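Please treat every number below as a calculation from the coordinates, not as lab data. Owing to the predicted nature of the structure, the values given are computational and were not obtained by experimental measurement.
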Amino acid sequence: MYLKEKNKISDIKWNLVGILGKLLIDLLFNTMKIERQGFEKVKPIISSGKVIFAVWHSRMLLVSYLCKGLNGTAMVSSSKDGEIAARIIQRQGHEAVRGSTKKGGLHALSMLIKKVKEKNKPGLIVPDGPQGPRCKVQPGIIILAQKTGYPIAPISYSAKKIKVFASWDRFIIPLPFTRCRAIYGDPVYVPQNADENERKKRLILLENELNRITSDADRYYGHNVIRD
């Protein structure tokens with residue numbers, strides 16, 4: 001009985017974390033002017049719902065806001081920090097599959113492939129998460145694209161006034177009432193018959209494109225975060 005009550009209280013706490021987290025993100029970005037660059041070239045694949053969004057760990061915040069309500073499926077770390085992220089993205093209208101490259105990764109990837117394919121849902125992937133290396137694509141997203149046949153849409157952003165954290169990923173948070181620029185990169189397609197060499201080529205292509213659009217967004221506001 002005690003354990004049941006304890007679990008109930010814990011669930012209430014995590015539900016509140018999700019509600020408050022989504023509310024704070026909404027409030028923050030509602031104060032800003034957000035510009036989108038390159039959206040038209042990816043609009044058809046986003047509208048189809050058959051797309052995998054790729055964003056660096058440090059640039060998740062605005063992207064989660066822009067993608068809310070798309071009914072996507074995201075891989076989220078099974079850590080305590082991952083629980084916070086999972087609860088927030090669930091409130092943003094997505095489904096969270098728990099796992100990472102270090103713990104439960106293969107099972108989570110298999111579940112993600114199944115859910116994306118069966119339910120025709122967009123995928124949301126942080127290819128350098130949850131612990132890096134920073135701005136280096138891990139192979140899971142390439143396998144997901146190959147197995148589903150979905151194109152990968154790279155997306156990143158920066159803002160005029162930002163707080164850069166001294167974390168492994170150099171996570172950024174835009175300050176209220178600033179200007180933001182989201183940049184959509186060229187889609188990356190992975191053939192379903194791709195061999196290991198071809199997958200590696202597509203991985204490098206995605207990594208370079210994510211770094212390019214992140215650097216472009218930073219340079220627009222005079223920052224150099226990705227190279228710091």
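Need one word for segment 63-160: rounded, prolate or oblate. Basis is the Cα gyration tensor (sqrt eigenvalues a ≥ b ≥ c); a/c below 1.5 gives rounded, then a/b vs b/c decides. Each step should come with its number before you reach the end.
On the way: a/c = 1.16, a/b = 1.08, b/c = 1.08.
Rounded shape, in that the Cα axes give a/c under 1.5.
Run lengths n ≥ 4 of DSSP H only: what is the helix-derived mean residue ellipticity at 222 nm for the chain, with -39500 (n - 2.57) per run over all residues, to the nearest 500? Please report the intermediate quantities before stating the final value.
On the way: 7 runs with 107 residues, N = 228.
Counting only the DSSP helices, I get -15500 deg cm²/dmol.
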Worksheet item: Can you tell which of Phe29, Phe53, Phe165 shows the greatest fluctuation in a Gaussian network model of the chain with Cα springs below 10 Å?
Response: Phe165
Item to complete: Search the structure for amide H atoms under 5 Å from the amide H of Ser158, placed 1.01 Å from N in the peptide plane, and list their residues when 5 or more places away or on another chain.
Response: Arg181
Item to complete: Of the listed pairs Lys114/Lys200; Lys22/Lys136; Lys119/Lys147; Lys68/Lys147; Lys50/Lys119; Lys68/Lys119, which have alpha-carbon separations greater than 19 Å here?
Response: Lys114/Lys200; Lys22/Lys136; Lys68/Lys147
Worksheet item: Which of these values of Cα extents along the principal axes in Å was calculated from the structure shown: (1) 66, 38, 38; (2) 84, 40, 25; (3) 55, 45, 32?
Response: (3)
